[in-house]
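For reference, the structure is listed below as structure tokens.
The values are calculated or read from the model by the stated rules, or taken from the named source; none is laboratory data. Values in this document were obtained by computation on a predicted structure and should not be read as measured data. Methodologically, a virtual Cβ is constructed for each residue, glycine included, from the backbone with ideal geometry; neighbour enumeration extends over all protein chains shown.
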Amino acid sequence: MSYNKALNNPIFKIIAQASKELNIDSYVIGGFVRDFILERDFKKDIDVVAVGSGIDLALKVSELLPNKPKVQVFKNYGTAMLRYKEIDIEFVGARKESYTQDSRNPVVENGSLEDDQNRRDFTINALAFSLNEKDYGTLVDPFNGLEDIKNKIIKTPLNPDITYSDDPLRMMRAIRFATQLKFEIESESLSAIERNKERIKIISGERIVDELNKILSTDKPSIGFLHLYQTGLLEIILPELTALNNVEEVEGHTHKNNFYHTLEVVDNICPNTEDVWLRWAALLHDIGKAPTKRFSPKQGWTFHGHEFLGGKMAKKIFERLHMPLNHKMKFVQKMVMMSSRPIVLAQDIVTDSAVRRLVFDAGEDVDDLMTLCEADITTKNPSKFKKYHNNFNIVRKKIVEVEERDHVRQFQPPISGEEIMALFGLKPSREIGMLKEAVKEAILEGDIPNEYQAAYDFVIAKAKKMGLKVTK
Ligand code: CTP
């Protein structure tokens, strides 16, 4: 069968022409082929393998293109890249390759196409389309990758112990592809991941997080996290999460299994957001529960202060995995720290002042916090489920009402500290701090609206009680 249709972008004819002029064979390989067969969106990255020099091929292709795009050459790896109409094309020479035990540095030798396919991660990623005149558009599939796509199987071309040991990141890639594509990981491969799990320790945090982010961006990340858990990888990467996987019983009291609960929360959030950081917040929202768990005969199981501790732990995780320590980390930390706030509201009667305080503390992130908290409702009791959601709907409505009236989302005091100082002829002092705080409290309590005149009158009255005199 010919796959000419896959190759209707003019770039492929040009690569074919360049290969012909250099008298070498070349193939499109990897994700582009896989995604075409799976009818996924057209990939913006194309991998081309040359049976010869990938760098020479890239230079030749550039020469044949009208705009002669710049070729980036990575001599050490024997690869080269160029960009054509927003498509990144990577050229590599076919190689035999094995990795040393202790590092990621490959020992590379030139090889045939089949050698190259052999050393790739999965049979579904080892498929190639020919770009050669004699069989242009033919699928080259020595490991039955096409069958594996049909049967939805993730499988390595070589013995999985070798493939995973060569590049341990592939263990995470297996799980990531299984989650993205809803494929099964072949059982041989799964047990090889278990056996080789310790090798993940030689992989950088950045590369691990890349895969975690891809898992978190799917519509059901729990598939990936369950695989990570069952293979033992999660215990190594995120032991804070696996520590949540238990249910203890004392005097007939149990608590819920917070690991499985967490995975449900992450899944619940997915359809509602494109933002991977809110998913991180969901993933980490209960991590403080393992170290704060206590049992007392009076209260049963408690997790006092788990939100605060969880926020601190989240920062440590970001540091350990070399994740950004910028506003994204702060956002996740804030979500974890505030994650129980709306729940308390949802269980009680929802007052305006409680909502105003919530908006004040969460600021611009209040909508994300609500999304997280709605996802956090995993009770299997239908009447509780309904009650919590109803209450959250009330909270959402009140957030809009309260915000329209009082604008506390980006709170600016309606009367400034300077003006209060001028009114009473005071320098910065405890009294001024108290007055400012009292104005803020009165607004949040709903005693006065967030307006200048109301705040002015309030300050005058309050100051009088404190024994201060207007001097202006
Ligand atoms: N590859 C590999 N081992 C890795 C990474 C990549 O064998 N650790 C090979 C696979 O053949 C893969 C190709 O290199 O198809 C390109 O890798 P990459 O661009 O990372 O992944 P894609 O398969 O293109 O898929 P995605 O873009 O979804 O990551």
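For the range 122-133, does any single residue satisfy the condition of being in contact with a strand residue (DSSP E or B) (Cβ under 9 Å, 6 or more places away or on another chain), without any contact (Cβ under 8 Å) to a residue 60 or more places away in the chain, in a loop (DSSP other than H, G, I, E, B) and within 13 Å of the ligand (Cβ to nearest atom)? Please lay out each step first, then the result.
Going through the range 122-133, the residues in contact with a strand residue (DSSP E or B) (Cβ under 9 Å, 6 or more places away or on another chain) turn out to be 122-132.
So of that shortlist, the ones also without any contact (Cβ under 8 Å) to a residue 60 or more places away in the chain come out as 122-123.
Adding the requirement that they be in a loop (DSSP other than H, G, I, E, B) leaves 122.
Next cut, within 13 Å of the ligand (Cβ to nearest atom) only: 122.
Yes.
Of the residues in the range 148-169, how many are in a helix (DSSP H, G or I) and surrounded by fewer than 19 Cβ atoms within 10 Å (Cβ to Cβ)?
4
Could you list, in sequence order, the residues of the range 420-458 that are over 23 Å from VAL355 (Cα atoms), surrounded by 15 or more Cβ atoms within 10 Å (Cβ to Cβ) and free of Cβ contacts under 8 Å to residues at least 24 places away in the same chain?
Answer for the range 420-458, where residues must be over 23 Å from VAL355 (Cα atoms), surrounded by 15 or more Cβ atoms within 10 Å (Cβ to Cβ) and free of Cβ contacts under 8 Å to residues at least 24 places away in the same chain: MET421, ILE432.
Can you find a residue that is in contact with a helix residue (DSSP H, G or I) (Cβ under 7 Å, 6 or more places away or on another chain), more than 17 Å from LEU169 (Cβ to Cβ) and at pLDDT below 95 anywhere in the range 96-104?
yes
Looking for whichever is more than 21 Å from the chain's Cα centre (by Cα) and either modelled with pLDDT of 95 or more or surrounded by 21 or more Cβ atoms within 10 Å (Cβ to Cβ) (or both) here; the options are ALA290, ALA282, ALA243. Which one fits? Even if it seems obvious, please write down each step before you answer.
Values: ALA282 fails: more than 21 Å from the chain's Cα centre (by Cα); ALA243 fails: more than 21 Å from the chain's Cα centre (by Cα).
When all the criteria are applied, what remains is ALA290.
Here are LEU263, LEU244: which of them is assigned to a loop (DSSP other than H, G, I, E, B) and more than 16 Å from the ligand (Cβ to nearest atom)? Talk me through it step by step, then tell me what you get.
Working: LEU263 fails: assigned to a loop (DSSP other than H, G, I, E, B).
Of the residues listed, the single one that is assigned to a loop (DSSP other than H, G, I, E, B) and more than 16 Å from the ligand (Cβ to nearest atom) is LEU244.
Whether any residue in the range 381-396 is part of a loop (DSSP other than H, G, I, E, B) and under 30 Å from HIS255 (Cα atoms) is what I want to check.
Of the range 381-396, the ones part of a loop (DSSP other than H, G, I, E, B) are 381.
Add one more test, that the residue is under 30 Å from HIS255 (Cα atoms), and what stays is 381.
Yes, the range 381-396 has at least one match.
With (1) of a type in the set (Phe, Trp, Tyr); (2) within 21 Å of LEU345 (Cα to Cα); (3) touching a Lys or Arg at 6+ places or on another chain (Cβ under 9 Å) as the list, and PHE424 as the residue in question, which single condition is left unmet?
Of everything listed in (1) of a type in the set (Phe, Trp, Tyr); (2) within 21 Å of LEU345 (Cα to Cα); (3) touching a Lys or Arg at 6+ places or on another chain (Cβ under 9 Å), PHE424 misses just condition (2).
Among the listed residues ALA314, ALA354, ALA346, identify the single one that is of a type in the set (Gly, Ala, Ser) and under 24 Å from the mean Cα position of the chain (by Cα).
Details: ALA354 fails: under 24 Å from the mean Cα position of the chain (by Cα); ALA346 fails: under 24 Å from the mean Cα position of the chain (by Cα).
The unique qualifying residue is ALA314.
Going by what's in this entry, would PRO413 be described as in a loop (DSSP other than H, G, I, E, B), more than 30 Å from the chain's Cα centre (by Cα) and in contact (Cβ under 8 Å) with a residue 12 or more places away in the chain?
Details: in a loop (DSSP other than H, G, I, E, B): yes; more than 30 Å from the chain's Cα centre (by Cα): yes; in contact (Cβ under 8 Å) with a residue 12 or more places away in the chain: yes.
So PRO413 passes the test.
In the range 25-43, what residues are within 9 Å of the ligand (Cβ to nearest atom), within 15 Å of ILE11 (Cα to Cα) and outside any helix (DSSP H, G or I)?
Within the range 25-43, ILE29, LYS43 meet the criteria.
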